[in-house]
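Values in this text are rule-based calculations from the coordinates and carry no lab data. Here the structure is a predicted model, which means the values were calculated and not measured. No Cβ is skipped: glycine too gets one built from the backbone with ideal geometry, and neighbour counts run over all protein chains shown.
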Amino acid sequence: MDYPYDQAPGAPIRSGIPEHGRIPKYYAVKAHVSSLIAELGEGGMLPTERDLAERYEVSRETVRQALRELLLEGRLARQGRGTVVAGPKLEQPLSLASYTEGVRRQGRTPGRHLIGLERFPCPEALAVDIGVERGEPVWHLERVLLADDDRVGLESTYVSVARLPDLDTDFEPDSSFYAYLRDRLQIPFGDADERIETVLATPREALLIGTPPALPMLLIHRISRDTAGKPLERVRTLYRGDRFSFTAHLGPQDGC
């Protein structure tokens with residue numbers, strides 16, 4: 001096969017069309033709508049399903065299947081009773097930089113909406129991760145993540161009450177937790193372990209984030225330590241799969 005030199009870097013080779021050329025009808029429509037998305041630009045209103053079905057001479061159900069995939073990929077968004085071209089995904093670095101810093105770098109305004117801050121006896125499964133004994137009090141901080149007031153994720157943070165005794169009175173819940181630790185408490189971050197997986201949100205999570213339960217989510221588990229190697233926090237963060245991508249810088253030691 002000749003390499004398509006006009007192929008956009010990162011796009012599927014030959015737009016995902018197999019060499020034999022036989023593709024499902026919905027995928028052909030998806031390719032056409034993808035070109036239309038590029039023409040319309042961010043915020044552009046897509047024609048109705050009826051209009052697209054007539055334009056591409058397919059059934060409305062075929063059009064719906066193509067649009068469903070583009071919606072799940074975050075390239076389209078619902079607006080009222082119509083469909084518009086979505087903006088670019090937020091790129092969150094896989095580093096010890098906070099969510100706030102990552103969003104600001106892209107010219108967006110980060111924010112958080114507090115769901116709850118509570119303390120409870122630490123269960124055994126959590127104790128090792130945050131460096132406490134079973135039964136010792138721990139904080140659970142749960143917040144919805146915002147970008148320009150759009151709900152884009154849900155974050156649960158677990159930390160020791162003994163280490164942060166005034167979290168409930170000393171911390172502004174709509175601000176950066178990492179900035180609070182670093183700047184106010186002078187607790188430096190050392191390293192962290194992260195695990196990423198794709199999941200579907202629970203009905204409660206979908207309601208809080210404002211997404212359909214069938215929308216794929218990116219789930220990050222993080223266990224952080226300070227510069228002395230002492231466990232600091234355990235975080236569970238859900239990010240909308242249609243609004244986020246993750247980046248990482250790899251050095252020579254990370255090569256194959």
Task: Inter-label distance, nm, simple model (7 Å from Cα along the C-beta direction), D191/F120 - done: 3.1
- [ ] Starting from the Cα gyration tensor of the stretch 90-254, take the square roots of the eigenvalues, sort them a ≥ b ≥ c, and report rounded, prolate or oblate (rounded when a/c is under 1.5, otherwise prolate if a/b is larger than b/c, else oblate).
- [x] rounded
- [ ] Answer with one residue from P47, L72, V29: the one whose Cα lies farthest towards the positive end of the charge dipole of the stretch 13-85, charges on Cβ with Lys, Arg +1 and Asp, Glu -1.
- [x] L72
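Give the calculated FRET efficiency between H140 and E54 to the nearest 0.05, with a Förster radius of 41 Å applied to their Cβ-Cβ distance. Present the calculation step by step, with values, prior to reporting the outcome.
Numbers: r = 53 Å, r/R0 = 1.29.
Taking R0 as 41 Å, the efficiency between H140 and E54 is 0.20.
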Open item on the list: Whole-Hz ³J(HN,Hα) for each residue in the stretch 214-219, computed from phi via Karplus 6.51 cos²θ - 1.76 cosθ + 1.60 with θ = phi - 60°, x for glycine and proline: what do you get?
Closed with: 7, 6, x, 10, 9, 10
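Among residues other than Y26 whose Cβ falls under 11 Å from its Cβ, what is the net charge (Lys/Arg +1, Asp/Glu -1)?
Every neighbour counted, the sum reads +2.
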Task: Inter-probe distance in nm under a simple model that places probes 7 Å from Cα toward Cβ, at V128 and M45 - done: 5.8
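If you build the Cα gyration tensor of the stretch 13-85 and take the root of 5 times each eigenvalue, what three semi-axes come out, in whole angstrom, biggest first?
Numbers: eigenvalues 84, 41, 21 Å².
Semi-axis lengths for the stretch 13-85 are 21, 14, 10 Å.
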TODO: Note down the nm distance, to one decimal, between modelled labels 7 Å out along Cα→Cβ at L72 and at R184.
DONE: 4.2
Task: Ranked list, fewest to most other Cβ atoms within 10 Å of each Cβ, for I23, I223 - done: I23, I223
Open item on the list: For a protection proxy built on the mean count of beta-carbon atoms within 10 angstrom, sort 150-159, 225-234, 67-76 highest first, please.
Closed with: 150-159, 67-76, 225-234
Open item on the list: Please list, in order along the stretch 72-84, the HN-Hα scalar couplings obtained from phi with the Karplus expression 6.51 cos²θ - 1.76 cosθ + 1.60 (θ = phi - 60°), rounded to whole Hz, x for Gly and Pro.
Closed with: 5, 7, x, 8, 10, 9, 7, 9, x, 9, x, 10, 10
